[in-house]
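The values are calculated or read from the model by the stated rules, or taken from the named source; none is laboratory data. All of these numbers come straight from a predicted model, not from anything done at the bench. Please note: Cβ atoms are built from the backbone with ideal geometry, for glycine as well, and neighbour counts cover all protein chains shown.
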Amino acid sequence: MFWFILAVATLVFVVVEAVLIWSIIRYRERPNTPAPRQIHGNNTIEIIWTVAPSLFLFAVLTGTIYTMFNLTNISSTNGSIPEIRVAAVGHQWWWEFDYPNQHVNNADTLYLPQGSVVHMDLQSSNVIHSFWVPSITGKTDVIPGHLNQKIFRADQVGEYHGQCAEYCGTQHAHMYFNVIVLDTNAFNAWVSNEQQSARTPTDALALQGQKIFTGSGGCTGCHGIVGVNLNSFDAAKTNSGLSATALVGPNMTHFAERRFIAGGVLIASEGHNWANEPACQLVNGKLANKDNCGLYQWLHDPQAVKPGNDMVISSLSDSQIYALIAYLQSLK
């Protein structure tokens, strides 16, 4: 519907502007030019320019109502179509996605099975946000202390852009999320991996990073890792009964599998996640070009990357940051 309206509107704009420009040039006033013949009361022309736009607007209205009805009126299918429940929690400025029936918790990327009816529970942990994936579903407000719900389907496998659509503070424009729709087998494989506890690192540098994460770095004051400082994916309850397992910051159990971090401000390059991001590969325990590694920049000075965010980090040396990067890249 969007592309239809855009195409017709573009065509109308081009035709009208072309006729307008041609008329201005062709019939501009010249010296000694007599006044043109005046035409009044042409019923045929008046009917045409009244009826034609009315018919077009009626077609747009019909299509819009039909599309809105399909987006907002998906009820329970009584088992005829698979269903999934996801809780989305808006933070400043990132999104948490909790799958209570699968005991899975993720941040900044919403994974969905193709063709399933999605029951989305929406709540904010701070201010009013708005959940919006324009290619899949319309926007719905996310309100602190109030549980909003929406139902939709994602029928096409692919990757979609999501955005907070309600001003929520200084970094509102940088509160993105990613929606990845997978076929059933791929989604089940993703869930199976996400349900596992964090792997114990075997690399010496990664082990050093784990000690920094759980000790001097102070990371566990805000972040949870199942098998490290969380026992399971069992959800805590918010003040409206909504499932959510994050502490202050995102659950890091499978951090390395993510492509979006910091609310979408930092994105691994196309075809990569943070485990294999080329700019963040350590060689002999060091980064070849730390200025090109977004993960290094985030751990070095998160306020410079995204001013005003809740990430407060103690001053870390480059060697400590390299160890943390090695550990985070092991969390697959």
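A few comments on the model shown:
- Restricting segment 291-323 to residues that are modelled with pLDDT of 85 or more, of a type in the set (D, E, K, R) and within 27 Å of the chain's Cα centre (by Cα), the residue that is surrounded by the most Cβ atoms within 10 Å (Cβ to Cβ) is K306.
- Of all residues in segment 214-226, those satisfying the criterion of being at pLDDT below 85 and either surrounded by fewer than 14 Cβ atoms within 10 Å (Cβ to Cβ) or not assigned by TED's automatic domain parsing to the domain that holds I325 (or both) are S216, G221.
- Qualifying residue in segment 153-173 (condition: aromatic (F, W, Y), buried (at least 20 other Cβ atoms within 10 Å of the Cβ) and modelled with pLDDT of 90 or more): no
- Test for D155: is it under 18 Å from the mean Cα position of the chain (by Cα), more than 19 Å from N251 (Cβ to Cβ) and of a type in the set (D, E): yes
- Matching residues in segment 21-54 - criterion: being aliphatic (A, V, I, L, M) and surrounded by fewer than 10 Cβ atoms within 10 Å (Cβ to Cβ): I24, I25, A35, I39
- Among the residues of segment 171-225, those identified as in a loop (DSSP other than H, G, I, E, B) and of a type in the set (D, E) are D183, D203.
- Any hit, segment 53-76, residues being small (G, A, S), within 30 Å of H119 (Cα to Cα), out of contact with any helix residue (DSSP H, G or I) (no Cβ under 9 Å at 6 or more places or on another chain) and at pLDDT below 85: yes
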